[in-house]
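The next block holds one structure in the form of structure tokens; read it before the comments.
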Amino acid sequence: MSGEWVPISMFLSVALIAVVFLVLRFRGKRELQKTVRLALEKNHELSPALLASLDERKRSPQADFRRGLIGVAIGASFALFALILGEQDAIRPMLGISAFPFLVGAAYLGLSRWGGRSDREEPETLHGGVGQ
């Protein structure tokens, strides 16, 4: 009976972390909406540029690089743990587990190097663009 609680508690803890993340994100958005609502009630003018900037995520240019390094480090640490553990039955599954964060981190490193955001502005097609 006690052996069953280990995987159950692991999945419950992952679910709990996800719920906490979503609740905190929801609270942040709700506070932002309260601030905008309060500014509108006090007749403050909100420019379209300000409203658009509130909707955008704040990301540094090096965010993909950092995520990539973290992913590669987590993958390498799982692989190293598997090799240090030394049990033949554990090495192969641990290397498989380590491959996921390692490859995701490598993909982020590739994005930071070759797939960065373009600094060019895209043509406006929604309001008065060529397509209408």
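Pairwise Cα separations in segment 56-106 fall into 5 Å bins from 0 onward with the following percentages, short to long: 5, 24, 21, 16, 13, 9, 6, 4, 2, 0.
Provide the gained length on full extension for the span Val20 to Ala106, in nm with one decimal, where the gain is 0.36 nm per separating residue minus the Cα-Cα distance.
Working: separation 86, 0.36 × 86 = 30.96 nm, distance 2.77 nm.
That works out to 28.2 nm of additional length.
When +1 charges are put on Lys and Arg Cβ atoms and -1 charges on Asp and Glu Cβ atoms, the dipole computed for segment 44-90 relative to its Cα centre reaches about 180 debye.
With θ taken as phi - 60° and the coefficients 6.51, -1.76 and 1.60, list the Karplus ³J(HN,Hα) couplings across segment 15-25 in order, rounded to whole Hz; mark glycine and proline as x. My calculation for segment 15-25 gives 5, 5, 4, 5, 5, 4, 4, 5, 5, 5, 5 Hz in order.
Cβ-to-Cβ counts within 10 Å put Asp64, Asp89 in ascending order as Asp89, Asp64, the fewest first.
Only Lys, Arg, Asp and Glu carry charge here, each on its Cβ (+1 for the first two, -1 for the last two); on that basis segment 1-58 has a dipole of about 160 debye about its Cα centre. Working note: Karplus 6.51/-1.76/1.60 with θ = phi - 60° gives segment 37-49 the couplings 4, 5, 5, 5, 5, 8, 6, 7, 7, 10, 6, x, 5 Hz, where Gly and Pro are set to x. Semi-axes of the equivalent ellipsoid for segment 1-58, computed as √(5λ) from the eigenvalues of its C-alpha gyration tensor and ordered from largest down, come to 42, 11, 4 Å. Take the Cβ-Cβ distance between Phe81 and Glu41 as r, set R0 to 41 Å, and report the resulting FRET efficiency rounded to the nearest 0.05. Taking R0 as 41 Å, the efficiency between Phe81 and Glu41 is 0.15.
Rounded to the nearest 0.05, what FRET efficiency is calculated for Ser9 and Leu32 with R0 set to 35 Å and r the Cβ-Cβ distance?
Working: r = 35 Å, r/R0 = 0.99.
FRET efficiency, Ser9 to Leu32: 0.50.
Taking N as the number of residues in segment 1-103, what is its Cα Rg relative to 2.2 N^0.38 Å? Write down the numbers at each step before the final one.
Values: Rg = 22.0 Å, N = 103, 2.2 N^0.38 = 12.8 Å.
So the Cα radius of gyration is 1.72 times the expected 2.2 N^0.38 Å.
Computed from backbone phi, the HN-Hα couplings of segment 70-83 come to 5, x, 5, 5, 5, x, 5, 5, 5, 5, 5, 4, 5, 6 Hz, rounded to whole numbers (Karplus: 6.51 cos²θ - 1.76 cosθ + 1.60, θ = phi - 60°; Gly and Pro given as x).
Any read-out appearing in this document is the output of simple, stated calculations on the displayed coordinates, not a laboratory observation. Values in this document were obtained by computation on a predicted structure and should not be read as measured data. Virtual Cβ from ideal backbone geometry, glycine too; neighbours counted across all protein chains shown.
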